[in-house]
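See structure below.
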Amino acid sequence: KVEVQIRTKEMDDIAESGIAAHWIYKQGQGKGSSNSKDSNQFAWLRQLVDDVVQQSDPKAMLQSVKEDLFAKEVLVFSPTGELYPLARGSSVLDFAYKVHSDLGAHCTGAKVNGRIASIRYLLQNGDIVHIMTSKSQTPKREWLRHVRTSKAKSRIKAWLKRHQKENSAAKGKKEIEEGLEKYSKGDDAGKKEYQRKLDHLLTTFKLLDENHLFTALGYGQLSLKNVMTEIFGSAAIATANNDRSDLSTRNDRDSQVLNKSQSVSSDLPSNNSSGIVVGRERNILLSFCRNCSPLRGDNIKGVITKGKGIKVHRTGCKYLSESDDALQIDVTWEKSGKNVTLRPVELQVICSDSPGVLADMSRAITSLGMNIGNVSLKKIKNGRGLARFEVMLGNLDELENLMVQLRQEEGVLSVSRRT
């Protein structure tokens, strides 16, 4: 007895590849067909099944499946076991922002599988990630180089923009207050005149409100002189022209110190090696605050002292705020910048407490041609270390380059300048 079975093309497709392949065949697979992608995926699935069947080693089979299934993403876990899918190449920062924006904004690093990792660590499939945070930590512009996901990038950019606007507004408000005090001789008449002419100022400078006025001043889009002129008229110009006489009056309050500084200045070269100008004078006895260690480019102010002439501080220095206002004096950096003296600046680096980290950081500093005056390292909590470097620098640009270089080192969690 002979039994013959006859298959049509449709029956053969179903028998060999299943109902899914038959459905694709019926729908058509033209080059521009929307089903071509589905066809490729079904072909990949059939190939994957074949590969699994042929694998004799269970571990090799699992690795093969992981590589095929997760080619474009990584799956990581929170400490509580929650699963988070991320784009391949995502960092600890990406994970932090994936969980919550506030967690990302205050992220200082992470424990990945129980080991300390920096914010730049690239996550792998199956990593268990515990984010470490600090209230003092805030997003930095260089973070944008260490994130992959669009959510993390957009949150960082938004914070930077908002923070810059807030800082500019605060700076502009302070300039207004100082300008009103200066040009109205410290009485309330200036503040009242400012409030009376506020609408006029907004109309003149085409601004929406007072906060936009502060922000424009802080950004440097408006000059304080123009604003004061709109408020006080020609009186502002006249007062500005009398600044030198005001400076002399303030200096007379400590004539003994100034007389000494002038006598010493006669022995100094014509070009001030410190690069500081006091009023229009360059040959003045100067010293620099060791606590804040000003660099060219910093906002600075001077304080008349006994025995050390004028001591220069950064404007945010705590010792400047504690000094007598009557002894404070305006100082500026010499515009030419030809005579740049290297000054010691202390950097504080939070890093993982692991072998080789200190050596890597030291090499990063010396690779920029900078000298290390002093260095120390001590252990702190959570398996981290605190390194302090005293580096000789000439200006803010050098400082920024150095901080960027250090933040790129493996194991470095944060870098800050001593304030």
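The values are calculated or read from the model by the stated rules, or taken from the named source; none is laboratory data. No experiment lies behind these values; they were computed from the predicted model shown. Note that we place each Cβ from the backbone using ideal geometry, even for glycine, and neighbour counts take in every protein chain shown. For accessibility, only protein heavy atoms count, side chains too; no ligands or nucleic acids. Shrake-Rupley method; radii C 1.70, N 1.55, O 1.52, S 1.80 Å.
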Quiz prompt | Qualifying positions in region 208-248 - surrounded by fewer than 17 Cβ atoms within 10 Å (Cβ to Cβ), modelled with pLDDT under 80 and touching a Ser or Thr at 6+ places or on another chain (Cβ under 7 Å) | solution = Tyr219, Ile237
Practice problem: Give region 359-371 a look and list any residue that's in contact with a helix residue (DSSP H, G or I) (Cβ under 7 Å, 6 or more places away or on another chain) and over 20 Å from Pro294 (Cβ atoms), or say none. | Solution: Met361, Ala364, Ile365, Leu368
Quiz item: Pick from region 292-307 the residues that are part of a loop (DSSP other than H, G, I, E, B) and modelled with pLDDT under 85: which of them is surrounded by the most Cβ atoms within 10 Å (Cβ to Cβ)?
Solution: Thr305
Quiz item: Of everything in region 183-199 that's part of a helix (DSSP H, G or I) and touching a helix residue (DSSP H, G or I) at 6+ places or on another chain (Cβ under 7 Å), which residue is modelled with the lowest pLDDT?
Solution: Tyr183
Self-check item: Top-ranked residue in region 85-119 [being touching a residue at least 40 places away in the same chain (Cβ under 8 Å) and polar (S, T, N, Q); ranked as most open to solvent (accessible area, probe 1.4 Å)]
Solution: Ser101
Quiz prompt | Matching residues in region 357-386 - criterion: being closer than 15 Å to Met403 by Cα, among the small types (Gly, Ala, Ser) and touching a strand residue (DSSP E or B) at 6+ places or on another chain (Cβ under 8 Å) | solution = Ser362
Practice problem: Identify, by number, the condition in (1) outside any helix (DSSP H, G or I); (2) within 23 Å of the chain's Cα centre (by Cα); (3) farther than 21 Å from Tyr84 by Cβ that Leu207 doesn't meet. | Solution: (2)
Exercise. Could you tell me whether region 351-372 includes any residue that is open to solvent by less than 50 Å² (accessible area, probe 1.4 Å) and under 18 Å from the mean Cα position of the chain (by Cα)?
Key: yes
